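Read through the structure below, which is laid out as structure tokens, and then see the notes.
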Amino acid sequence: MTAQTYGVRNEPMSRHTSLHVGGPADSFVRVASEDDLRGAVAVTRQHELPIFVLGGGTNLLVADRGIRGVVIENAWSEATVDGETVTAASGAPTAHVAAVAARAGLLGLEWMATVPGTVGGAVHGNAGAFGTETADVILDAELMDLNGDAWTASRADLGYAYRTSALQGTPVIVVRARFHGTQGDRDTAVRRIKDMANERAAKQPLAQPNTGSIFRNPPGDFAGRLIEAAGLKGHRLGGAMVSEKHANFIVNAADATAAQIRDLMRLCQREVRERFGVDLVPEVELVGQWE
Ligand SMILES: Cc1cc2nc3c(=O)[nH]c(=O)nc-3n(C[C@H](O)[C@H](O)[C@H](O)COP(=O)(O)OP(=O)(O)OC[C@H]3O[C@@H](n4cnc5c(N)ncnc54)[C@H](O)[C@@H]3O)c2cc1C
């Protein structure tokens, strides 16, 4: 295997992101087991190519020029329950973790059913919903560096704060994680999941491609409220639009480019800063070759 034949060449990232936006990855590999994940990292390193680990692609704005190097799509999905602990592979959808926990009668992980993406993405970004975040339910995570060396990080080691962790901006890969629930009953867990899903569907523009909240909420306020108060709800820039349903969502209304979405984000930031003196910090991660 050579760098030239490794994976699929020039794979459009728009096929792998919830926004349906993003140019080509030089090479694209999909892994479905721990061995595959470790092997893909090892081969990429041998060729000295940059690595980007992709989970569900639900918190990403990938540049129109795409991503240089190798994108490893993590589709290794496993989750098991032992007592009150759920151990999950990093490629497992968070919704799968919630379902496995609910089936075992564990409570406290229902919110995970409503957050798209994988365990790896949630551990990396401290995903959360309905008043609970990853930091509240994680016990520890097995991590790996690009040389394949693995270690276990405790919750404290992961440096969690609102939608951030010590993993961001590092090349460290999440291999698996353990979460804790509390013993309850399956019917309660299933009912809570349904209620949360209904609440989401009523408030969020789930029918249009999006990436969840585009900005973090500033302390004591809501990004959506500020963007709406700045008169930008429904504002369009090319195919990118501030959602009519929830102003902290930017949707791909019609073949938007990544540049249009980024420019609309900048417009929201500028208007909110000028009117209210608040700096909106992106929650979505901008990745790839922008200039
Ligand atoms: C409709 C919708 C609703 C959403 N609602 C919420 C919400 O309520 N709360 C919330 O927090 N988020 C929400 N999001 C955003 C998103 O679901 C979360 O940020 C999610 O955790 C991202 O996971 P992912 O697997 O898709 O990560 P990706 O988008 O694929 O990647 C995000 C980052 O994580 C890194 N990453 C992924 N896997 C690994 C790994 N194994 N090891 C190391 N790094 C890794 C990537 O390299 C990248 O830097 C929503 C998104 C959508 C589309």
Taking only the alpha-carbon positions of region 34-157 as identical scatterers, the Debye log10 I(q)/I(0) at q = 0.12, 0.16, 0.22 Å⁻¹ comes out as -0.48, -0.82, -1.35
Surrounding charge for A201, neighbours by C-beta under 13 angstrom, Lys/Arg +1, Asp/Glu -1, total +2
When the helix-only estimate is applied to the chain (DSSP H runs of n ≥ 4, each -39,500 (n - 2.57), divided by the residue count), what is the mean residue ellipticity at 222 nm, nearest 500 deg cm²/dmol? -8000 deg cm²/dmol
Reach of K233 by Cα under 20 Å, taken over aspartates and glutamates that are not fewer than 8 positions away in the same chain: D221, E244, D255, D263, E271, E274, D279, E283
Each residue of region 272-285 in order: what ³J(HN,Hα) in whole Hz does its phi give by Karplus 6.51 cos²θ - 1.76 cosθ + 1.60, θ = phi - 60°, with x for Gly and Pro? 5, 5, 5, 7, 10, x, 10, 8, 7, 9, x, 8, 5, 9
Between region 118-139 and region 238-291, how far is it from one alpha carbon centroid to the other, in angstrom? 24
For D263 and W290, compute 0.36 nm times the residue count separating them, minus their Cα-Cα distance, and round to one decimal in nm. 8.5 nm
So T132 and A201, fully extended at 0.36 nm per residue minus their Cα-Cα distance, gain in nm 23.0 nm
List the residues whose amide H sits under 5 Å from the amide H of F52, counting only those 5 or more places along or on another chain, with H placed 1.01 Å from N in the peptide plane. V70, V71, I72
Other-chain or far-sequence residues with amide H under 5 Å of E285's (modelled H): L60, L61
Rough spin-label spacing in nm, given labels placed 7 Å along Cα→Cβ, for R38 and L146: 2.0
Taking the reciprocal of mean 1/r across every pair of different Cα atoms in the chain, the Kirkwood radius in Å is 19.7
Work out from phi, with θ = phi - 60° and the Karplus expression 6.51 cos²θ - 1.76 cosθ + 1.60, the ³J(HN,Hα) of each residue of region 164-169, listed in order in whole Hz, and give x for Gly and Pro. 9, 8, 5, 7, 5, x
Sequence-distant residues sharing a close amide H with R30 (under 5 Å, placed H): E73
Fewest-first ranking of M112, M241, M13, using other Cβ atoms within 10 Å as the exposure measure: M241, M13, M112
Restricting the count to DSSP beta bridges whose residues both fall in the chain, what percent are antiparallel, rounded to a multiple of 5? 75
Dividing the alpha-carbon radius of gyration of region 153-232 by 2.2 N^0.38 Å (N being the number of residues), what value is obtained? 1.50
Take D255 and R15, extend 7 Å from each Cα along the Cα→Cβ direction, and tell me the distance between the two endpoints in nm. 1.9
Convert each backbone phi in region 90-99 into a coupling constant with the Karplus relation 6.51 cos²θ - 1.76 cosθ + 1.60 (shift: θ = phi - 60°), then list the ³J(HN,Hα) values in order as whole Hz, x for Gly and Pro. 5, x, 5, x, 4, 4, 5, 4, 4, 5
Neighbour-count ranking for S165, S18, S90 (other C-beta within 10 angstrom, fewest to most) reads S18, S165, S90
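Read the figures in this text as sums done on the coordinates, not as results from a lab. Keep in mind the model is a prediction, meaning the values are calculated, not measured. Note that we place each Cβ from the backbone using ideal geometry, even for glycine, and neighbour counts take in every protein chain shown.
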